[in-house]
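Have a look at the structure below before the remarks.
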Amino acid sequence: MFYIQGFIRLSTLVLLLMSPLLNAQEAAPARYETMVETLLRDSIARETAHGLGQVPAYAKFLQTQFLTAGFDAQDVTIIPYKGTASLLVRYRGDGSSNRRPILFSSHMDVVPADPNDWVRNPFELQEDETFYFGRGVLDNKFDVSVLTTLFIWLKEDGYVPNRDLVIAFTGDEESFQETVQQLTRDHREAIDAEFAFVVDGGGGVLNDAGEAIQYKVGFAEKTYATFAVTARNPGGHSSMPRSDNAIFDLSDALKRLQDFRFPVETNEITLTFFERTAPLVGGEVGEAMARLVSDPSDAEAIEVLRQKPEYVGTLGTTCIPTMLAGGHAENALPQSATATVNCRIFPGNAVTDVMGTLQLAVENPELDWSIVGMPVSSDASPFNNEVMAAVKTSLEPLYPGIPVIPQMSSGTTDGAFFRAAGIPSYSLTGIFINPRDSFAHGLNERVPKNSLPQSLIFWRSMVEELAGPSAITAP
């Protein structure tokens, strides 16, 4: 029963024993699990943070994997952009479904990491019995490695989908997100799809006992917007202090922001999320969710949920200072001081309206405010019964009967730009993780090792549910 192409890795054997409905034909052959780990090890060693110029080399490395596996050179394209790049891969189908392609998107870049702050070297894949560790191992190089391996596995199996499948690996999702805008603007034909899977969000939730309690599919995202607020002053010599001071003025404004909260907002997606999540979480938090669904103005329930970082962003717009800069010399009064304020804006609110609210909140009309970059707004993706059914079917061998719940993400992915370009997008991944173990963008980032075989099984099933079953089965 457990014999697949010679042998099964221990991780797969454990998964099989944990999941009685998972038979041998539904498990990933061992060589593809090894391939994911090998790709992940290589990718973590690449410091693909903004400005370091390492993304094009990473894209070239991945391109070589696809070409070696037999993909045609015209279907594996690197698209340069300034100091970074995107990688597009087209898996050609036979067109028998007469349907547009499915797009799979992840990003190759990471946020910076200082090795001196980490317990382990962030740019060397390390592991213990439970986790893989490294910068980008959760966000987003694990999924890049899984999708690369998935396409190679399908190709080597001789799988022919009934429509094209397209991968878009972008190069600056963690900074300016200009590569995804380049794709939607200049290469729309290459990425045009019936819908996109943004493999960078959503996914499975584990409780403290390690049990899978729900699976989330992202239908919408909050708008990502950044503002610069600057206090200005004539300055002078530090030996002759003034009663007004740019740093003090900015500090007063930030203190007012600390005490300010945007009004609670809800929509169909967030209320459905809380309604379905409440009985799974239980306790004080679950009770607060249920009360919020019954009465979105319940102040006590709101306060309970606002104390939980994983839920506070679902309640409305949030803004928080993330960077500071000020002064020009240690012996001079500051002529300016600037704070970067990052906001995650609830759908339906204009960026300029949020900035106006912040201006009123700080109570200082002398401060200068500006919008950083070009924020994008997008509506929620329409509910897709076919996608949700495929998710449920693909999860059944792994976690029978697990609730599948629509979600609005508090963060922003490239999916916001696909949605804005008219491509419905759904955020999901094969990763199951306890929220307390999610250290994306933080120290000692990690991903559960069990997610490796699970992800391959999940995504293989998703492809076959939505692009036709495989004509080749495992021996």
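Quick notes on this one:
- Test: residue in segment 57-69 that is modelled with pLDDT of 95 or more, at positive phi and more than 22 Å from the chain's Cα centre (by Cα): no
- Among the residues examined, PRO263 qualifies as at pLDDT 95 or above and out of contact with any Asp or Glu (no Cβ under 9 Å at 6 or more places or on another chain).
- Every condition in (1) of a type in the set (Lys, Arg); (2) out of contact with any Leu (no Cβ under 8 Å at 6 or more places or on another chain); (3) open to solvent by 30 Å² or more (accessible area, probe 1.4 Å) holds for ARG90 except the one numbered (2).
- The combined condition, being of a type in the set (A, V, I, L, M, F, W, C) and under 28 Å from PHE432 (Cα atoms), is fulfilled by LEU62.
- Condition broken by PHE458, with the remaining ones in (1) open to solvent by less than 40 Å² (accessible area, probe 1.4 Å); (2) touching a residue at least 12 places away in the same chain (Cβ under 8 Å); (3) closer than 14 Å to ASP139 by Cα satisfied: (3)
- For GLN181, the conditions (1) under 30 Å from THR322 (Cα atoms); (2) touching a strand residue (DSSP E or B) at 6+ places or on another chain (Cβ under 9 Å) are fulfilled apart from (2).
- GLN74 being more than 20 Å from PHE418 (Cβ to Cβ) and free of Cβ contacts under 8 Å to residues at least 12 places away in the same chain: yes
- Annotation: of all residues in segment 31-77 being assigned to a helix (DSSP H, G or I), open to solvent by 10 Å² or more (accessible area, probe 1.4 Å) and among the small types (Gly, Ala, Ser), the one that is farthest from ASP139 (Cα to Cα) is ALA73.
- Being within 19 Å of ARG135 (Cα to Cα), open to solvent by less than 30 Å² (accessible area, probe 1.4 Å) and of a type in the set (A, V, I, L, M) is a condition met by at least one residue of segment 436-448.
- Among helices (runs of 4 or more DSSP H) entirely within segment 127-221, having at least 3 residues that are free of Cβ contacts under 8 Å to residues at least 12 places away in the same chain and buried (at least 22 other Cβ atoms within 10 Å of the Cβ) singles out no element at all.
- Residue within segment 307-320 that is in a loop (DSSP other than H, G, I, E, B), within 30 Å of ILE213 (Cα to Cα), open to solvent by less than 50 Å² (accessible area, probe 1.4 Å) and touching a residue at least 60 places away in the same chain (Cβ under 8 Å) present: yes
- Where a residue in segment 98-126 is touching a residue at least 12 places away in the same chain (Cβ under 8 Å) and its partner, wherever it lies, is open to solvent by 70 Å² or more (accessible area, probe 1.4 Å) and in a helix (DSSP H, G or I), with Cβ under 7 Å and at least six apart: LEU125/ARG41
- Unmet requirement for THR340, which otherwise passes all of (1) surrounded by fewer than 18 Cβ atoms within 10 Å (Cβ to Cβ); (2) β-branched (Val, Ile, Thr); (3) in a helix (DSSP H, G or I); (4) at pLDDT 95 or above: (3)
- Residues being more than 22 Å from LYS222 (Cα to Cα) and either free of Cβ contacts under 8 Å to residues at least 12 places away in the same chain or small (Gly, Ala, Ser) (or both) - total across segment 387-435: 5
- Checking each residue in segment 396-431 for being touching a Gly at 6+ places or on another chain (Cβ under 8 Å) and of a type in the set (A, V, I, L, M, F, W, C) picks out ILE402, MET408, LEU428, ILE431.
- Test: residue in segment 412-422 that is of a type in the set (Ser, Thr, Tyr), crowded, with 23+ Cβ neighbours inside 10 Å and under 25 Å from GLU310 (Cβ atoms): yes
Per-residue answers, yes or no, for (1) over 24 Å from the mean Cα position of the chain (by Cα); (2) among the aliphatic types (A, V, I, L, M); (3) on the phi > 0 side of the Ramachandran plot:
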residue	(1), (2), (3)
THR272	no, no, no
VAL281	no, yes, no
ALA290	yes, yes, no
ALA299	yes, yes, no
LEU315	no, yes, no
ILE320	no, yes, no
ALA325	yes, yes, no
PRO334	yes, no, no
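The values are calculated or read from the model by the stated rules, or taken from the named source; none is laboratory data. What you see is a predicted model, and the numbers here were worked out from it, not measured in a lab. In this analysis, Cβ positions are derived from the backbone assuming ideal geometry, glycine residues included, and neighbour counts consider all displayed protein chains. Remember, those area values only see protein heavy atoms, side chains included, never the ligands or the DNA or RNA. Shrake-Rupley method; radii C 1.70, N 1.55, O 1.52, S 1.80 Å.
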